[in-house]
Every structure is written in structure tokens, then in C-alpha cells.
Amino acid sequence: MKRPKPFSSSAGFGPVFEWNNARPLLMTRRFDQTAALQQRALETIPLASQTFSKSVLQTVEGAAPLFLERGDGCRVWDVDGNNYIDFVLGLLPVVLGYRHPGVDAAIRAQLEKGISFSLSTELEVELAERLVRHIPCAEMVRFGKNGSDATTAAVRLARAHTGRDKIAVCGYHGWHDWYIGTTPRDLGVPDAVRALTDSFPFNDAGALEALLATAPDAYAAVIMEPAGIDDPAPEFLQTVRTLCDRFGAVLIFDEIVTGFRIALGGAQAHYGVAPDLASFGKALGNGMPISAIVGRRDIMVRMEDIFFSGTFGGEALSLAAALATLDALEKDDVPNRIAGAGRKLRAGVSEIVDEFSLRQEFTVKGPDWWPAVLPSGNGRADAMITGSLLKQELIERGVLMGPTFNLCLAHDDAAIIEQTLAAWRGAAAAVSEALALNDPMRALRGKPMRPVFQVRRHAADGA
Ligand SMILES: Cc1ncc(COP(=O)(O)O)c(C=O)c1O
């Protein structure tokens, strides 16, 4: 092994090391400002974060950034001045890249006119019309701010439409009581609410059928992520559609991750199965807070009877951003370009995992639009340790990511893909070296990650 050569840092961060593929003896990246800001934040902000997946629970505390300062394209800079190729993208909203010129110009132009108004604006109508054009099930549209607004509105609408209470869920659907009661992090959710929601596994239509059959007239809705790291098995979505029709339940596709990534019209366009209602969010505003619930006219009109109404429902900067995001998504063929980048990254990482004999420890999978590298827990160390080691070593080499490659238009660049794979090669070498130790934990320079809860079959990558 060639030893890293020390050199002095002109930035005054103390000793740093030039290095090759091997694990640096000392971290080249420093997180002094991170640690100070974390201490300060903990005085006023529980967990020092607004989002579990952005918190210290999901990182290697002491050897990873916790606070970012700015982003540009697919790069972000932390408060210590370190920069990274970002495959988290704010947990998926940033589909075009940070500071996208078209979206930012639209926001600035709207800012000149105002942000939140006393009555509705034409922007709402324009955006609703655009979504109806793209999304197969969309005949009418309402907007919210978070994905959870949209999934909860869809569930309330389904209950109003059917006069039933029970809900069947598959995937992650946000932080509200009706869903979180099905997870291990259900503290604060009343038993009476928890009793109304049941989960079923993805790609298991038999399990859904058995569940619906336990109370054939009780299920108002089946809400599910139609695709994710796992592709739906052939006929799975169509079978779910048929079961919903048979049992009189409203079918809701939660397209908050798939929307505008797998295709502009979501998984329902890609797989040719239309739900009754669907929720969209995340990528719709390229980072601005906006979500949408769309669906069949006869169900959506019940919005006039239920209560789904909020101060910021028609906030104009996000609507303007969403229109500009759709412009770019259409013009630049974004889902195809994202898939192209994903294909190259997954193939490259897969080769690297083989090259460093890490196949036991990591499973490389996922569709082109959302490749994933999942610590298996079957190898030489616990999944939390192997995942933490990998994360630490990728961060050291300038790649910020969770278990998935969250992709944006700006990743579609040969140099970015090359740099990412070079970082992966170095990180894999370091992880492999660490796993050769009696106690691989010794190679961790911070505290290992801790689970939030596993919402999908293979990854805790919700919010
Ligand atoms: C599939 C899915 N549904 C709903 C949500 C909730 O969205 P939000 O966090 O914007 O409320 C998420 C967030 O990660 C999600 O991935």
C-alpha cells in the first residue's frame, strides 16, 4: 500500500493528506464548524435537524457534515467549506440540480409580484392544467406544501368517497398519524387511529387480497408506492387495481418519489396502470415546497365537501417554480437522462463491489432512475457498521449519499460520473481494508449511523 503523503493545508485546517485509493490515515476533511454548530443547534432544536434523514442519526457523527451552506448543480458545500457531489438532493426534490437557471429566474420574476396572496392566482390553474396533461389519472388537482399533505388529503377523500374508515398501506407515506401508527416510531399516535391502518408487502398481491378479505366492506383505500428500489412484478399493479375494484376501495398511488423521475406522468404512465387518486411532491418544485393531489373528477370534486385547506396552499413562488420545473423536465428529457446516468453509476459501482470482494456486504440493485447500494448485514460486519464505513469513506472522497443514488439532471455529465466512480473505488478499497481488521468498528472515525425505522423493504430512505 502506498502511504498517503502529508502536505500542509493553505486553508489553515491543520494536517491534511494527499492520498490514493487507500484509506487516509487521518481525515483530510475537517468538521470543526459542523461540531460547533451542532452543539449550538442542540440548545434550541431537538436532534439539531428538522428531518430524521438529515440528522445525526443517519450519518457518522464526527466524520461527516451535518449542515450545508450552498449548492450548485449537483454539488453542495458544507459549513466547513468541504464540497461534495450530492446524491441526496434534499431527499429527492432537486431533480434538475441546485440553482437551476430557469427555475430560479421564475422564482425571481414571481418575487417581484408577490409571494402569498389574498385570493387565488392564475398560476394555480396553469399548473393544474399542466399536471392533467401529463398524469394519466389526473382530471382535477389540488395543491399542498408537503408530500404528507397530499397523502393525507387523498386518504380523507377516499374515506369521504367510500364512507369507510380502514386503510391499507405499502411504502412510506409521511409523518401523519394514520400512517406513522403502522411503524415502530408510533409514539403519540392514538391506538384508535393505529387500528384503522394495516400494511401489506410490496409485490405480494396475495397478501393484499387476504387483508382486504378480512373486512371486505371496511377498506376505504389502498395507498401504495407503485415503484421504488424494487420494480413492481409483472401484473402486480394491475392485480392491485383489480382487487381495489373488487373490494370497492379507492386506489391511491403515492408518487412522491416516482413522480417526474420515472416519467413525467409518474409510475402510472410508465407501467400503464391508472390509480383513482395520486399524490405528487418532491421533484415538482425542484426544491420549492409544493405537493399535489390529483385524480378522478368524481372523487376530486368531494374536495368541496371535505376539509383540505391551508394558508399556503396557493403560495406563488412554489407554483412558479413548479411551472418552470415542468418546462425543463419536458424540454430536457430529464427522466431519460437521469436513467442514463443511473445505468452507468450502477454498472460502475457493481464492478467496484466485485473488484473489492464486497458482494457479501453490499447489494447493488435498483432501477436505472434510482440505483441503490444496500448494506446486506450478511457479511463480515453488521449492516450499520458496513453502511457507516462506506458513508464515511465516500464523504472523505467528496461524495454525499445515502443508500440510493438520488439523481438530477446535473449528474448527467461524464466528468461527474467519472469522479463519483473514482471516489467509490477509493471508498471500497478503504472499506475492504477496514473489514480485514478483527474489529472493523476501529476504522470508524465517528459514531455509526442509527436506524430511524425501515419503511421500505430494503432501506430507511423516507424522511
Ligand atoms: C413516498 C413518499 N410519500 C410521502 C412522503 C412524505 O412527504 P413529505 O416529507 O414531503 O411530507 C415521502 C417523503 O419522503 C415519500 O417518500
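Overview of values
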item: Qualifying position, being buried (at least 22 other Cβ atoms within 10 Å of the Cβ), in the same structural domain as Asp327 (by TED's automatic domain parsing) and farther than 28 Å from Ile107 by Cβ, among Ala154, Ala150, Ala158; result: Ala158
item: Residues that are of a type in the set (Ser, Thr, Tyr) and within 16 Å of the ligand (Cβ to nearest atom), drawn from region 161-199; result: Tyr172, Tyr179, Thr182, Thr183, Thr197, Ser199
item: Matching residues in region 48-61 - criterion: being part of a helix (DSSP H, G or I), over 14 Å from Lys391 (Cα atoms) and within 16 Å of the ligand (Cβ to nearest atom); result: Phe52
item: Residue, farthest from the ligand (Cβ to nearest atom), within region 238-290, restricted to residues that are of a type in the set (Val, Ile, Thr) and assigned to a strand (DSSP E or B); result: Val250
item: Qualifying residue in region 93-114 (condition: touching a strand residue (DSSP E or B) at 6+ places or on another chain (Cβ under 8 Å) and farther than 25 Å from Leu409 by Cα); result: no
item: Cross-chain or 6+ apart pairs with Cβ under 6 Å, region 167-178 first and assigned by TED's automatic domain parsing to the domain that holds Met224, then near the ligand (Cβ under 6 Å from one of its atoms) and at pLDDT below 95; result: Tyr172/Gly462
item: Filter pass, Gly73 being away from the ligand (no atom under 16 Å from the Cβ), on the phi > 0 side of the Ramachandran plot and out of contact with any Leu (no Cβ under 7 Å at 6 or more places or on another chain); result: yes
item: Residue selected from region 347-362 under the condition within 22 Å of the chain's Cα centre (by Cα) and surrounded by 20 or more Cβ atoms within 10 Å (Cβ to Cβ), by the criterion nearest to Arg445 (Cα to Cα); result: Phe362
item: Residue within region 32-46 that is within 24 Å of Asn406 (Cα to Cα) and outside the structural domain of Gly313 (by TED's automatic domain parsing) present; result: yes
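Quick grid of which residues meet (1) outside the structural domain of Arg346 (by TED's automatic domain parsing); (2) assigned to a loop (DSSP other than H, G, I, E, B); (3) modelled with pLDDT of 95 or more:
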position: Gln360; (1), (2), (3): no, yes, yes
position: Thr363; (1), (2), (3): no, no, yes
position: Leu374; (1), (2), (3): no, no, yes
position: Gly377; (1), (2), (3): no, yes, no
position: Arg380; (1), (2), (3): no, yes, no
position: Gly387; (1), (2), (3): no, no, yes
position: Lys391; (1), (2), (3): no, no, yes
position: Leu394; (1), (2), (3): no, no, yes
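The values are calculated or read from the model by the stated rules, or taken from the named source; none is laboratory data. Everything quoted here is computed from the prediction, not taken from an experiment. FYI the Cβ positions are ideal-geometry reconstructions off the backbone, even for glycines, and counts take in every protein chain you see.
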